Amino acid sequence: MESWCPCLPLPRPLLPIVAGFVGMLTSAAQGEEAPMLSIHRLPPGETPAADTPRWQQMLNPDGTWSVLKLEGADPISKEAKAKLAIPKGHVRWAAILPPGLAEQAEGGVQLIGNLQSDPPAVEECSPLRQQAPLLPAPPGVNLVRNLEFTTFGVEERVQEKATGSDTPSWTMKPGTRPAGLYAARSWRLPVLAGKEPWILQVVARGEGKIRTGLAFDNGAGFGDATILETLELKGADTAFSLKLPKTLAEAKQLRVVLLAPDDHAADLHVSSISFQQGPGGGASKPVNTELGVWNWSTKPEEWRRLKPVWKQAGVKVLQLALPRELQHGAEGPLPALSDLRKEDFQIVAVEGDPHMILPQEKSSVVARHQQLTALHGKYLDGIQYDVEPYLLPGFRLEPELWHQHWLQMYEALTPGKAPLRVEPVVPFWLIAQPAAQKLLKGLAPRSTRVVVMNYRSDAGDAAAWATSWLEWSVQHQCPVALAVECGPVPDLESATYRKAPRGPLWLKSWPGHGTVAVIFDGEVDPGADATTFALARQGTVSGAATSLQGQDPTHVAEWLQTMRDISQRLNLPAKLIPRLLLHEPKEELLRYLGERAQ
């Protein structure tokens, strides 16, 4: 199961690059004609040769394939209609990316992947300057780690202390000019609000008096902050509840601001900042959430072995990959499924492959679905589709067509006025994609629930995305499930490139095809209508931002409890309480959750 976001500025926004040529190859020798990239569209039914590198391949929405070729590495046939001249040099990697990237990359470009390999495996190439999605503030959740505080003031009298991210701290000197902190990340209040007034709750300690407020933006940009209260800090943590006036509660987006005092020094430690509704935080009766797991083994004996572990952990829903052959014999899967249902487990069959959305795959997908539908009620309680077509090479070049195919697959699976509904699996970031809105609207009436891979290990980040999906759930009266990643996610490398007169990264818009990106072994000149970029810094994108594997099991329990808490505070109707899912949990984690529940 995948989790990466194709264009949002998140900690781990990864997708396979659309196409690319890899190899340390000389594109042209000195004095020769300009080297060329070309696109070859293969005839229907023909696939790229077995030895064609993955990054050289593009899948088109009609199911045909195209191949990107480079003069000097592959012969370019006279039939190739699309050709583009590139600079001379040793090419390490090339790709065709979405249109507009060259224009968006003025501030720089970030590459993510296994960049030190030869050739590099680039999974993401995106502009540095991107507008972050505006998410709802999850009610009652501590967002202090998510606010991204930035100091301001010409006198530079606010200095951050070297403390942990859970309790950021600053010293503030007196001065004559305004100074303080503002949250670089802004929020909106959830649309599921009740009648109780909204409150900004700040838990802080230290010395001095700090003016606390919110700046708002209703479309004309952020102005000066509206001061809610002056906090008189003490040596121990103190909770301050600041009521929001109507103008702030109805604002399109809000930003927390902490102003330093002018006439005295201050020392500030912030333990928690949260948005709550009403004095009690909008809490109601505790909600009952079903817990489920995925298991990718198709062997009934493995299901039987894990049954006591699942039971101890309180698991109620088993999402299982079934074998292609569904025998009724004692060794087949059907008796095992029947036994599990007798033990009060709900059984959901999981199908999925990105190619399932291609038009030519429709008949086989529908035939398999009909086979599973015949088991519903006796052996199965649901059918789930985890297709993830955004992993296909070529998806990002024509997202509207691909999303249309994605929805058409579900339309084929759920025909008629009262079809058996299914469970589509989607990544958390899909809700913020403009091209996906028609897809999501079409999924709602066809879905038992929409399963969201809410793969953010940070509880505040996960809660914000979850709140957005719960808003969608209420709007469309369609339940959702919220999943946490507990399986392995590797670290990847990142490289930041800045615009430069010469550099190893070359970008150029190719009208009608997209944006061409090429990494050379050395610096090249940009040439006409192209841009070059120089390497500015390198870093690591941690898999721990996506998965909780290897972390203290209490973090998983806290993640699950945070999802329950926001469901409770949003006062959701019983039918829309989200199911909570664990992806690839280790048995040790399941045993811990079972012991914790006792």
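The values are calculated or read from the model by the stated rules, or taken from the named source; none is laboratory data. In this text, all values refer to a predicted model and were calculated from it rather than measured experimentally. Methodologically, a virtual Cβ is constructed for each residue, glycine included, from the backbone with ideal geometry; neighbour enumeration extends over all protein chains shown. Surface areas here come from the heavy atoms of the whole protein model, side chains and all, with no ligands, DNA or RNA. Shrake-Rupley method; radii C 1.70, N 1.55, O 1.52, S 1.80 Å.
Taking 7 Å steps out from each Cα toward its Cβ at H90 and A534 produces label points 2.1 nm apart.
Separation of the stretch 361-381 and the stretch 519-574, taken as the distance between their Cα centroids, equals 36 angstrom.
Can you classify the chain as rounded, prolate or oblate using the Cα gyration tensor, where a ≥ b ≥ c are the square roots of its eigenvalues, rounded means a/c under 1.5, and otherwise it's prolate if a/b beats b/c and oblate if not?
Working: a/c = 2.05, a/b = 1.10, b/c = 1.86.
Oblate, since a/c reaches 1.5 and b/c is not below a/b.
What net charge is computed for the residues neighbouring L143, neighbours being all others with C-beta under 11 Å from the C-beta of L143, Lys and Arg scored +1, Asp and Glu -1? If you can, show how the numbers build up before the last one.
Working: positive: R145, R185; negative: E148, D458, D461.
After counting each charged neighbour, the total is -1.
FRET efficiency for A184 and E587, Cβ-Cβ distance as r, R0 = 41 Å, nearest 0.05? Spell out each step's value before the answer.
Working: r = 41 Å, r/R0 = 1.00.
Once rounded, the FRET efficiency stands at 0.50.
Overall, the anisotropy analysis places the stretch 149-277 in the prolate class: the square-rooted eigenvalues a ≥ b ≥ c of its C-alpha gyration tensor yield a/c not less than 1.5, with a/b exceeding b/c. Of the cross-linked pairs K161/K209; K378/K586; K316/K362; K173/K243; K173/K499; K316/K417, those separated by over 26 Å at the C-alpha level are K378/K586; K316/K362; K173/K243; K173/K499; K316/K417. In this calculation the C-beta distance from Q201 to E523 is compared with R0 = 41 Å, giving a FRET efficiency of 0.20.
The charge dipole of the chain, taken about its Cα centre with unit charges on the Cβ atoms of Lys, Arg (+1), Asp and Glu (-1) only, comes to about 1500 debye. Hey, if you put +1 on the Cβ of every Lys and Arg and -1 on every Asp and Glu Cβ in the stretch 149-277, which of G175, T230, L248 ends up farthest toward the positive end of that dipole? Farthest towards the positive pole: L248.
From the square roots a ≥ b ≥ c of the eigenvalues of the alpha-carbon gyration tensor of the stretch 241-391, which class results: rounded (a/c under 1.5), prolate (a/b over b/c), or oblate? Walk me through the numbers on the way to the answer.
Values: a/c = 3.28, a/b = 2.25, b/c = 1.46.
Since a/c reaches 1.5 and a/b is larger than b/c, the shape of the stretch 241-391 is classed as prolate.
A simple charge model with +1 on the Cβ of Lys and Arg, -1 on the Cβ of Asp and Glu and nothing else charged puts the dipole of the stretch 149-277 at about 320 debye relative to its Cα centre.
For the stretch 360-398, backbone nitrogen atoms closer than 15 Å to the point 7 Å from H328 Cα along Cα-to-C-beta are found at 374-376, 378-379.
Between T298, Q433, S447, the Cα set farthest toward the positive side of the dipole of the chain (charges on each charged residue's Cβ, about the Cα centre) is that of S447. Per residue, the accessible area of the stretch 149-277 comes to 49 Å² when a 1.4 Å probe rolls over the protein heavy atoms. Of the peptides 503-510, 557-564, the ranking by mean beta-carbon count within 10 Å, highest at the top, reads 503-510, 557-564.
Just the number, please: carbon plus sulfur as a percent of the accessible area of the chain, 1.4 Å probe, no ligands or DNA/RNA counted.
On the way: 12680 of 25900 Å².
Summing carbon and sulfur atoms, their accessible area is 49 percent of the total for the chain.
Over the stretch 149-277, Cα pairs under 8 Å with separation of 6+ residues give a relative contact order of 37 percent.
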